[in-house]
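Input: a single structure, listed below in structure tokens.
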Amino acid sequence: MEEHKVLITTPFITLGQLLKMEDIIGSGGQAKWYLREHSLEVNDEPEDRRGKKLYPNDTVNIPGEGLFLIRSRREE
């Protein structure tokens, strides 16, 4: 599984923002549809809320896309 580091400059991002940032969806409006049609996990737990807050050290596993590691730009 391919790992992707996602650097954020804010305290958190939402799952919908991550999907758009990583070009998995084309617009924020597609997040609801995407999460209804695809299974993914945040920190090894199933998640389907586009507004789920992702913080540094969270992991998002999207089958077919990879494992996304949330990191703070301040830590880099």
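Details
- Some residue of the stretch 21-32 being among the β-branched types (Val, Ile, Thr) and loosely packed, with under 15 Cβ neighbours inside 10 Å: no
- Of the residues screened, Asn57 is one that is on the phi > 0 side of the Ramachandran plot and out of contact with any Phe, Trp or Tyr (no Cβ under 6 Å at 6 or more places or on another chain).
- In the stretch 3-32, residue farthest from Arg50 (Cα to Cα) [restricted to those that are of a type outside the set (Lys, Arg) and part of a strand (DSSP E or B)]: Glu3
- The stretch 33-58 - residue that is hydroxyl-bearing (Ser, Thr, Tyr) and exposed (fewer than 15 other Cβ atoms within 10 Å of the Cβ) and, of those, nearest to the chain's Cα centre (by Cα): Tyr55
Bear in mind that the values in this text are calculations on the coordinates, not laboratory data. Just so you know, these numbers come straight off a predicted model, no measurement behind them. Note: ideal-geometry Cβ built from the backbone for every residue, glycine included; neighbour counts use all protein chains shown.
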